[in-house]
Amino acid sequence: MDGSLLVAQLISGLTSAMTLFLVASGLTLIFGVVNVFNFAHGSFYLLGAYFAYQVVAVSGVNFWAGVLLAALGAGAAGMLMEYFFLRRIYGRAGEAGFQILLTYSFILILDDVVKMVWGTDYKSISKPEILSGPFSFGEVTMPRYDLVVIVIGLAVAFGMWAAIKKTRFGRNLRAISSNREMASSLGVNVPLTLSLVFGLATALGGLSGALSAPVRTVTPGAGIEVIIGSLIVVVIGGLGNFWGALVGALVIGEVTAFGILFLPQWAILFSYAVMALVLIFRPEGLLMKRGAVG
Amino acid sequence: MENTPAPPPVLEVRHLSKAFGGLKVTHDVSFAIPRGELSAIIGPNGAGKTTLFNLITGKLVPDGGEVLFKGERIDGLSPADIARKGIGRAFQITSIFKERTVLENVLVAVLSREKRTGRLFRRATAHHDAVREAIEILATLSLDAKAGEMAGSLPHGDQKRLDIAVALALNPELVLLDEPMAGMSPEERTTTVDLIRKIWKEKGLTLLFIEHDMDVVFGISEWIRVLNQGVLLAEGTPAQISRNREVITAYLGEEIDE
Amino acid sequence: MSGPKTGAKYGRDEWAQWGIALVLFAVVPLLGKKYFVSMGNEILVMGLFAMGFNLLYGVTGMLSFGQAAYYGVGAYTVGLLLSKGVAPFWVALPATMVVGGTLALVLGPLCIRLSGVYFTMLTLAFAEMVWGIVFKWYDFTGGDNGIQGIPMPEVLRDPLRYYYFTLAVAFVSFWMIRRIVASPFGAVLQSIRENPERTGFIGVKVRRYQLAAMVLSGVFAALAGGLFAGYQHSIHPDMLHWTKSGEVILMSILGGASSFFGPLMGAAVIVFIEDMIGKYTEFWEIWIGGIMLAIVIFFPRGVIGTFDTWITRWRDHGKHAGTAARP
């Protein structure tokens, strides 16, 4: 096996890690701030992909504008779900169970909506012209598109971190996640912030879907794959931990990329194996302190 | 002249420490509780009293130091193992099985003690001896009349007594009560204090409780230990503690129900 | 969610429920229509699956989104043993229970490492893994074609006969589940649902009991799957699909996870609804999703549980007419 193949896989793993990170970071954000596990998060990835297809491949809008619109569309859909439905079960006894059931029902509903609007056949979008070629630096060659995806992923990671640490919005988020009532009494508009956070997170999921659309075919089945992939990332990196989402995504991205070299059909099993090991030896996740979770 | 060695204290805590992040919640705490003592742990809010209970009963693992029960080390053991060794605990925030009946709450604890919880086929309530014992325990806490009611529908004071009943169902030698009177009306407090004293005497228990109500504390304890900011400030008889300068200073600014 | 009423004795109401259920299931198929037999068979199979699931969910408070793995593996164990001629049906059915329980013993400890939402997601993830293995292992499992034409023993080939066989197995299983819930073991499971921490403090090794609940649930799920394979004479990876896990959850919450026969009633309703939907449209997910959404928002205690409460309140109101409302 020569070095250039390994490097190619390394980069491919990095790219899929970035798409995973975009989704997982949104999931972590919702869980940390809104205290909801958005089981349906993969469906917003799906919406992002289909919106991008509709806007770019069907209506012929510029690719990057299309990606942005797709992300916004997914974000809007997320806010609608939060405002009209999720909000009704905040504070119920046994809320966690109801959250799962409610978001699960949305997986089913959105799944069929997508099939009804766009059909069940595979859709595809082509990459924008300038990005469809290779990019080389030194001996390394990679698809230009992948480079852009990696850059976007890192930019989002840095942007989110900066926003959470330095802006007032970020401070509001941190206040709400530690104590909702107190944040409210300190003057934070909690309901509005919750909806915005939800929208931001689902927009990130939609962005990931839109960015993945040119690389993978767009099918209804992607939703569940994505949520399970995000779960594996979050378990490995650490529950509710932002950097854990990045670390977990990198681990899974690379494990899968190299797994494909050895057992192409069963590459996903490697991710499960890593997760099982983490569960056995460090259930709180790689980035959390020992004993953080029971 | 007796040559037999004195029995080890029921509970001994040696140089116990625990920190969360950088915050030391328990700092080098040491004391010993002799068999049969009825004693109280007091201290301002945030002194680390419940944390101490958590360290003793296995909910938290100490960073340093040891906990010994009847001479045997128990730090590091799980709450289930420690409960089986003979330490019962009632909780500050009532911790009962709300959607089960009062009888079922105590019965499951009795059955657990008797190691019958692996049984799959005979009805739990057909274990007549266990049911009888559960009702007796409820009776000692004046709850037997309510045996068939849902635990969650009981008034607050009854729920707190049920909490204690569940702890007693394990036939413990040492019982830890975390603010057993919290939220009770004055009449309920008097009744509960009398009940606790009666149970302590009749069952020969060693009883350690956390309380803020100083009437109760000075009324029934034989010995008082004072915690402040994770440190054992003082211990002694009620008379000694009430005269202790440091204790009084620690409480300045706190409301003392005298 | 509150637990099944364990009651000191099996009260008169409960004997009545058992009697009615048994009579209904025994007599209706005799009314001649093949439709009743096939519907009845499906209801009993899914009912068994749902009752086994509820041992985990309604009784122990563990929401597993991966029970389809055990159901599907159960079906495949029977299907593969029979179609490859390795064992007769009478051996395959008990064997499938062992396989289901063993799978739970393997996957269970991994899922139980985390609690709450994460537990649920882990059950889903590992179930998807099992589905993926079955789906891709074409040489062994037939991949996405599944296996058809599974041979059944002569005596069970008649659909009506097979129906009564399923009825017997199902009701014996229901009885076993009932006894388990009322036993000391069941009392511990219910305590775990109500207050896992306190349950530890009364000397119970909580994780051990949670694992036991998963194993029992897996055994009943596998049995249901095996019975279904015998009924349909075919197996398919769809039986392990995550929507199957969701289906059994819906049946339990529709019927009410806190009543004993709730899941069975939920199964009956859902089987009929799916049959009706299937006649008109291929878009069944949106309907099922809509029903689940409605239940979560408007009937958190289950539809049948809520009606039960309304009827009780109406009855009590009639009795105490004129007196002040109870606090």
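Each reported figure results from applying straightforward, stated rules to the coordinates on display, with no laboratory input. Predicted model, so just to flag it, every value in this text is computed and none were measured. Every residue, glycine as well, gets a Cβ built from its backbone with ideal geometry; the counts of neighbours run over all protein chains shown.
Structure summary
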read-out: FRET E, pair C:Arg179, C:Phe140, Förster distance 35 Å, beta-carbon r, rounded to 0.05; value: 0.40
read-out: Pairwise label distance in nanometres, A:Lys115 with B:His128, each label 7 Å out on the Cα-Cβ vector; value: 6.0
read-out: B:Ser153-B:Gln229 pseudo-label distance in nm [points 7 Å out on the Cα-to-Cβ vector]; value: 5.0
read-out: Dipole axis of the protein assembly as shown (+1 Lys, Arg; -1 Asp, Glu on Cβ), positive-most option in A:Ala96, A:Ser132, A:Leu46; value: A:Ala96
read-out: Contact order normalised by residue count of the stretch A:1-123, Cα under 8 Å, 6+ apart, percent; value: 27
read-out: Helix-only CD estimate at 222 nm, as mean residue ellipticity for the protein assembly as shown, using -39500 (n - 2.57) per DSSP H run (n ≥ 4); value: -20000 deg cm²/dmol
read-out: Debye, to nearest 20: dipole size of the stretch A:3-281, +1 on Lys, Arg Cβ, -1 on Asp, Glu Cβ; value: 720
read-out: Likely footprinting exposure, C:Tyr138, C:Tyr57, fewest C-beta neighbours within 10 Å first; value: C:Tyr138, C:Tyr57
read-out: Selection from C:Val106, C:Met129, C:Ile180 lying farthest towards where the dipole of the stretch C:102-202 points positive, charges on Cβ; value: C:Ile180
read-out: Separation between Cα centres of the stretch C:47-74 and the stretch C:100-157, rounded to whole Å; value: 13
read-out: Unit charges at the beta carbon, dipole of chain B: most positive-side option, B:Ser242, B:Leu138, B:Ser112; value: B:Ser112
read-out: Mean-position separation - Cα centroids, the stretch B:88-118 and the stretch A:208-224, in angstrom; value: 51
read-out: Degrees separating the helix B:156-168 axis from the principal Cα axis of chain B, which is the longest one; value: 90
read-out: Volume per residue of the C-alpha convex hull in the stretch B:94-171, rounded to whole Å³; value: 81
read-out: Burial ordering of B:Glu211, C:Glu42, fewest other beta-carbon atoms within 10 Å first; value: C:Glu42, B:Glu211
read-out: Percentage relative contact order, the stretch A:3-281, counting C-alpha pairs under 8 Å, at least six apart; value: 39
read-out: GNM top mover of A:Thr28, A:Thr141, A:Thr256 - chain A, alpha-carbon springs below 10 Å; value: A:Thr141
read-out: Simple spin-label estimate for C:Arg157 and C:Val91 in nanometres, 7 Å along Cα-Cβ; value: 2.1
read-out: Between the stretch B:153-220 and the stretch A:1-54, the alpha-carbon center distance in angstrom; value: 54
read-out: C-alpha long axis of helix B:128-140 to longest principal axis of chain B, angle in °; value: 40
read-out: Within 10 Å of each Cβ in C:281-288, the average number of Cβ atoms from other chains; value: 5
read-out: Set B:Lys59/B:Lys85; B:Lys115/B:Lys146; B:Lys146/C:Lys205; C:Lys34/C:Lys279; B:Lys85/C:Lys205 screened for pairs whose C-alpha atoms are more than 19 Å apart; value: B:Lys115/B:Lys146; B:Lys146/C:Lys205
read-out: Residues B:Arg122, B:Arg100 arranged by fewest to most Cβ contacts within 10 Å; value: B:Arg122, B:Arg100
read-out: Extension gain (nm, one decimal) between C:Phe283 and C:Tyr35, 0.36 nm per residue minus Cα-Cα; value: 87.0 nm
read-out: Mean Cα-pair separation over length for the stretch C:78-193, i.e. relative contact order, pairs under 8 Å, 6 or more apart, %; value: 21
read-out: Exercise: per-residue mean of other protein chain Cβ atoms within 10 Å, A:234-240; value: 2
read-out: Total charge dipole magnitude, chain B, about the Cα centre, Cβ charges on Lys, Arg, Asp, Glu only, Debye to nearest 20; value: 1000
read-out: Within the protein assembly as shown: Cβ-based charge dipole about Cα centre, in debye rounded to nearest 20 (Lys, Arg +1; Asp, Glu -1); value: 720
read-out: Candidates C:Tyr163, C:Tyr118, C:Tyr76, ranked by Gaussian network fluctuation over chain C, Cα under 10 Å, top entry; value: C:Tyr118
